[in-house]
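These notes concern the structure reproduced below.
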Amino acid sequence: MKYFAKVGERYTRLVVLATHQRVEGEALFYNLCQCDCGNKCYRTSAQLVRGMMKSCGCLYRECQKRGNFIHGGTHRRKDGRVALTYLYAFWLRIRRHCCKPDDPGYPKWGGRGITLKKEWRKDYRAFRDWVEKNLGPRPSLGYRLERWDREKGFEPGNLLWVTEEQQYALRMGLAVAAILAAAFIVQQVLF
C-alpha cells in the first residue's frame with residue numbers, strides 16, 4: 001500500500017513542509033517536516049500516515065523523562081541513562097516468564113504452573129509495596145528474591161531474600177530446610 005503525505009498536513013507534532021525524493025532511484029519519498037519544538041527532520045510518508053513517527057524525537061525524550069519515574073522502579077545514572085532497580089527488573093522478568101506464552105522462559109515457569117499473583121501482574125507498585133512491607137528492603141547487593149516452595153508461584157508468603165549460595169542450594173534441593181531456616185533467621189535479625 002502506498003502512502004502519500006501532503007504539504008501542510010499535520011501528523012501529531014510534525015507539519016510537512018515539502019515532499020521530495022532524497023535518493024535517485026529509491027521508491028520512498030522523504031518529507032521535510034517541522035516539529036512543534038522547532039526542529040526540522042525527514043520522515044517517509046508511511047511513517048507519518050501510519051503514525052510511526054510523531055515528532056523529531058522530542059516526544060520520545062519527554063516521555064522518557066516523565067514516564068519512567070512514576071512507579072519508582074527506575075533511576076538516572078550519572079551518565080544520564082536510565083537504570084532499573086533490582087526489584088523492578090525482577091518483577092519485569094517474572095511477569096514475562098510467568099504470564100507471556102511467547103517468552104522463551106515461559107515453558108520453565110508459566111508452562112509448569114508457576115504463576116504471579118493476579119494483583120501484581122499489572123501493578124508493580126503493589127508488588128514493591130508488599131515486598132518492602134513484609135520482607136524489607138534488599139539487605140545488600142548479594143541478596144536476591146527467591147520462592148520458599150519452588151513448586152508454588154510468586155505470591156505472598158512464598159518469597160524471601162536469599163544469598164546466591166542459598167539460591168543455588170534451593171535449586172539443587174540441598175538441605176532445603178536448613179537453608180530456608182538460615183535465611184529466615186537472617187531476615188529476622190536484619191528487619
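Which residue pairs have Cβ atoms closer than 6 Å, lie 6 or more positions apart in sequence or on different chains, and pair a first residue in region 45-57 that is over 19 Å from Val7 (Cβ atoms) and in contact (Cβ under 8 Å) with a residue 12 or more places away in the chain with a second residue that is of a type in the set (Val, Ile, Thr) and not in a loop (DSSP other than H, G, I, E, B)?
Between residues of region 45-57 that are over 19 Å from Val7 (Cβ atoms) and in contact (Cβ under 8 Å) with a residue 12 or more places away in the chain and residues that are of a type in the set (Val, Ile, Thr) and not in a loop (DSSP other than H, G, I, E, B), there is no close pair.
Among the strands (runs of 3 or more DSSP E) contained in region 1-94, which hold 1 or more residues that are at pLDDT 85 or above and buried (at least 16 other Cβ atoms within 10 Å of the Cβ)?
The strands (runs of 3 or more DSSP E) meeting that bar are 14-20, 30-35, 40-44.
Output the qualifying pairs, or none if there are none: Cβ atoms under 9 angstrom, residues six or more apart or on different chains, first residue in region 84-104 and polar (S, T, N, Q), second residue at pLDDT 90 or above.
From region 84-104, the pairs are Thr85/Arg128.
Can you run down the residue pairs with Cβ atoms below 9 Å, 6 or more apart or on separate chains, where the first is in region 125-136 and assigned by TED's automatic domain parsing to the domain that holds Leu92 and the partner is polar (S, T, N, Q) and assigned to a helix (DSSP H, G or I)?
The qualifying pairs are Leu135/Gln187; Gly136/Gln187.
I'd like the full set of residues that are over 24 Å from the mean Cα position of the chain (by Cα) and acidic (Asp, Glu), limited to region 133-168.
Of everything in region 133-168, those that are over 24 Å from the mean Cα position of the chain (by Cα) and acidic (Asp, Glu) turn out to be Asp149, Glu151, Glu165.
Could you check region 132-156 and list, in sequence order, the residues that are closer than 21 Å to Gly110 by Cα and crowded, with 16+ Cβ neighbours inside 10 Å?
Leu145, Glu146, Arg147, Gly153, Phe154, Glu155
The values are calculated or read from the model by the stated rules, or taken from the named source; none is laboratory data. Only a predicted model underlies this, so the values are computations on that prediction, with no experimental measurement involved. A quick note on method: Cβ atoms are made from the backbone with ideal geometry, for glycine too, and the neighbour counts reach across all protein chains shown.
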